[in-house]
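*Asks:* Mind looking over this structure? Questions follow.
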Ligand code: GLU
């Protein structure tokens, strides 16, 4: 038996660590902290409140030992960050990706806090991650990783404590394993411990496509504000995974011309609009959009600078930095991914008059239907697909209108308006609950 140990992960930051400082390197946590700083300034909060909002309430670093199929042992680094639990239990996805580290998980957890507050869900924000490239592991290995990670997290998760959902690299099946591990250890079936589960074990109708539907509701609302609509626009979608692939399809269903999509290796372009059903079949056969015969190849960077009306970054963080933001020709950027725009990128887009519908609003549809799934699981009563679609559309429209109204009233960007709404709801909960002791 051989044991391979990856780079030791960053030790847990003590609760007193000043996480509001401006670190030298620019990663997702810098972006998230910059955004919070901006909201705190607009809201006129003092340093104490800023520190409360900036500091994760709890962080768990776990070693996840995995026995590989060949008998060797590998120890993976796992994390769960509960950024805030003032409005309710922690809520947020579980990410499996090779580059996952504590700072990325902290950023993603913070975004979940503001996101849940913007769409007025009774949740705080949390996120988990394991530093693993799931494509390099068998299903049995991924099951062992998930069960061990879950068992390490047992003391901090639960339907009233912290509820996981899929994110990059995890699936409905992953959630099923988390639910089963938790349930076996507690001694009873607890579907409310995760969302994004398969229907057969208490999942919700409409959850799998909810983030994408929400992205399209957000895009439609932003277009309507400018007196236009999907049938009048062209779109490019970066990312063809859980969010991007369905978003592209729903945009096209709404009448938009989707001219380009990409995955991590590159993209495809067709000036007259892509045949998304044919592209989906191609992806099912080859696992990539590349090589799709009815379109021209295009680079990921090139896609960001395409002459389209609506750009939907629906892949990973940090793709729109100052450089790429200068090349954006779209009039609207609708953020399907979490944190696709850096602080500098955001400034450039704002200066250039490009409307950014921010991630914490635009991609909130996923967690909205997660909330519906949790409510249904907790009351053991299930809603129809139509009911869920209507409730989701309603939540997204209400949240968009609140954000757009605030942006207009205060003369600020949609990003700042969404942050101001989300952050102030959390701060109000802090204030009302008071400081203990
Ligand atoms: N991972 C998704 C997100 O980033 C969904 C989170 C959830 O449903 O809890 O919003």
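*Asks:* Please list, ordered by first then second residue, the pairs with beta carbon atoms under 6 Å, 6 or more apart or interchain, first in the stretch 145-167 and in a loop (DSSP other than H, G, I, E, B), second within 15 Å of the ligand (Cβ to nearest atom).
*Replies:* If the second residue must be within 15 Å of the ligand (Cβ to nearest atom), the pairs left are 156/162; 159/192; 159/193; 160/89; 161/89; 167/93; 167/94; 167/95.
*Asks:* Hey, another quick one. Answer yes or no: is there a residue in the stretch 423-434 that is part of a helix (DSSP H, G or I) and within 16 Å of the ligand (Cβ to nearest atom).
*Replies:* First pass over the stretch 423-434, keeping only residues part of a helix (DSSP H, G or I): 423-433.
Then keep just the ones that are within 16 Å of the ligand (Cβ to nearest atom); that gives none.
For the stretch 423-434, residues part of a helix (DSSP H, G or I) and within 16 Å of the ligand (Cβ to nearest atom): absent.
*Asks:* If you don't mind, there's one more thing I want to ask. Please work out which residue is farthest from residue 244 (Cα to Cα), limiting yourself to the stretch 187-214 and to residues that are touching a residue at least 40 places away in the same chain (Cβ under 8 Å) and touching a strand residue (DSSP E or B) at 6+ places or on another chain (Cβ under 6 Å). Show your work before the answer.
*Replies:* In the first step, residues of the stretch 187-214 are kept if they are touching a residue at least 40 places away in the same chain (Cβ under 8 Å); the result is 191-192, 195-197, 202-207, 209-214.
If we keep only those that are touching a strand residue (DSSP E or B) at 6+ places or on another chain (Cβ under 6 Å) as well, we get 195-196.
Details: 195: 20, 196: 17 Å.
Filtering first and then ranking leaves 195.
*Asks:* Just to be sure I understand, how many residues within the stretch 222-241 are crowded, with 20+ Cβ neighbours inside 10 Å and in contact with a helix residue (DSSP H, G or I) (Cβ under 7 Å, 6 or more places away or on another chain)?
*Replies:* Of the residues in that region, 8 qualify.
*Asks:* For the stretch 215-232, name all the residues that are touching a strand residue (DSSP E or B) at 6+ places or on another chain (Cβ under 6 Å) and more than 16 Å from the ligand (Cβ to nearest atom).
*Replies:* 219, 222 - these are the residues of the stretch 215-232 that are touching a strand residue (DSSP E or B) at 6+ places or on another chain (Cβ under 6 Å) and more than 16 Å from the ligand (Cβ to nearest atom).
This table checks each residue for (1) under 25 Å from residue 72 (Cβ atoms); (2) buried (at least 21 other Cβ atoms within 10 Å of the Cβ); (3) at pLDDT 95 or above; (4) within 12 Å of the ligand (Cβ to nearest atom).
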| site | (1), (2), (3), (4) |
| --- | --- |
| 116 | no, yes, yes, yes |
| 142 | yes, yes, yes, no |
| 149 | yes, yes, yes, no |
| 175 | no, yes, yes, yes |
| 183 | no, no, yes, no |
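*Asks:* What's the number of the only condition in (1) under 18 Å from residue 33 (Cβ atoms); (2) free of Cβ contacts under 8 Å to residues at least 60 places away in the same chain that residue 113 fails to meet?
*Replies:* (2)
*Asks:* Starting from residues that are buried (at least 18 other Cβ atoms within 10 Å of the Cβ) and farther than 17 Å from residue 370 by Cβ, keep the ones in the stretch 69-83 and report whichever is farthest from the ligand (Cβ to nearest atom).
*Replies:* Taking the stretch 69-83 as the starting set, the residues that turn out to be buried (at least 18 other Cβ atoms within 10 Å of the Cβ) are 74, 76-83.
Of the ones still in play, those that are also farther than 17 Å from residue 370 by Cβ are 74, 76-79, 81.
Values: 74: 25, 76: 20, 77: 20, 78: 16, 79: 15, 81: 13 Å.
Looking at residues that are buried (at least 18 other Cβ atoms within 10 Å of the Cβ) and farther than 17 Å from residue 370 by Cβ, I get 74.
*Asks:* Looking only at the stretch 314-334, which residues are within 15 Å of the ligand (Cβ to nearest atom) and within 18 Å of residue 220 (Cβ to Cβ)?
*Replies:* Matches in the stretch 314-334: 314, 334.
*Asks:* Something else now. Of the residues that sit in the stretch 50-68 and are in a loop (DSSP other than H, G, I, E, B) and touching a strand residue (DSSP E or B) at 6+ places or on another chain (Cβ under 7 Å), which one is surrounded by the fewest Cβ atoms within 10 Å (Cβ to Cβ)?
*Replies:* Filtering the stretch 50-68 for residues in a loop (DSSP other than H, G, I, E, B) gives 55-57, 68.
Okay, now just the ones that are also touching a strand residue (DSSP E or B) at 6+ places or on another chain (Cβ under 7 Å), so 56-57, 68.
Working: 56: 24, 57: 18, 68: 15.
Among those that are in a loop (DSSP other than H, G, I, E, B) and touching a strand residue (DSSP E or B) at 6+ places or on another chain (Cβ under 7 Å), it is 68.
*Asks:* Let me ask you something else. Need the failing condition index for residue 112 against (1) out of contact with any helix residue (DSSP H, G or I) (no Cβ under 8 Å at 6 or more places or on another chain); (2) not in a strand (DSSP E or B), just the number.
*Replies:* (1)
*Asks:* Taking the stretch 91-109 as the search range and keeping residues that are in a strand (DSSP E or B) and away from the ligand (no atom under 11 Å from the Cβ), which one is farthest from residue 174 (Cα to Cα)?
*Replies:* The extreme case among them is 97.
*Asks:* Here's a follow-up. Where residues in the stretch 118-140 are part of a loop (DSSP other than H, G, I, E, B) and either touching a helix residue (DSSP H, G or I) at 6+ places or on another chain (Cβ under 9 Å) or within 15 Å of the ligand (Cβ to nearest atom) (or both), which of them is nearest to residue 29 (Cα to Cα)?
*Replies:* Let us first name the residues in the stretch 118-140 that are part of a loop (DSSP other than H, G, I, E, B), namely 119-124, 132-133, 137-138.
Filter once more, keeping what is either touching a helix residue (DSSP H, G or I) at 6+ places or on another chain (Cβ under 9 Å) or within 15 Å of the ligand (Cβ to nearest atom) (or both): 119-124, 132, 137.
Working: 119: 22, 120: 23, 121: 23, 122: 24, 123: 21, 124: 18, 132: 20, 137: 28 Å.
So the residue we want is 124.
*Asks:* Return yes when residue 252 is within 15 Å of the ligand (Cβ to nearest atom), in contact with a strand residue (DSSP E or B) (Cβ under 7 Å, 6 or more places away or on another chain) and not in a loop (DSSP other than H, G, I, E, B) and no when it is not.
*Replies:* Values: within 15 Å of the ligand (Cβ to nearest atom): no; in contact with a strand residue (DSSP E or B) (Cβ under 7 Å, 6 or more places away or on another chain): yes; not in a loop (DSSP other than H, G, I, E, B): yes.
Here the answer is no, as residue 252 does not meet what is asked.
*Asks:* Please work out if residue 247 is more than 13 Å from the ligand (Cβ to nearest atom), under 19 Å from the mean Cα position of the chain (by Cα) and assigned to a helix (DSSP H, G or I).
*Replies:* yes
*Asks:* Right, residue 338: out of contact with any strand residue (DSSP E or B) (no Cβ under 7 Å at 6 or more places or on another chain) and on the phi > 0 side of the Ramachandran plot or not?
*Replies:* Spelling it out, it is not the case that residue 338 is out of contact with any strand residue (DSSP E or B) (no Cβ under 7 Å at 6 or more places or on another chain) and on the phi > 0 side of the Ramachandran plot.
*Asks:* Among the helices (runs of 4 or more DSSP H) contained in the stretch 335-422, which hold 2 or more residues that are within 16 Å of the ligand (Cβ to nearest atom)?
*Replies:* Of the helices (runs of 4 or more DSSP H) lying wholly inside the stretch 335-422, those with at least 2 residues that are within 16 Å of the ligand (Cβ to nearest atom) span 359-362, 365-379, 385-410.
The values are calculated or read from the model by the stated rules, or taken from the named source; none is laboratory data. Everything quoted here is computed from the prediction, not taken from an experiment. Using ideal geometry, Cβ is built from the backbone for each residue, glycine included, and neighbour counts are taken over all protein chains shown.
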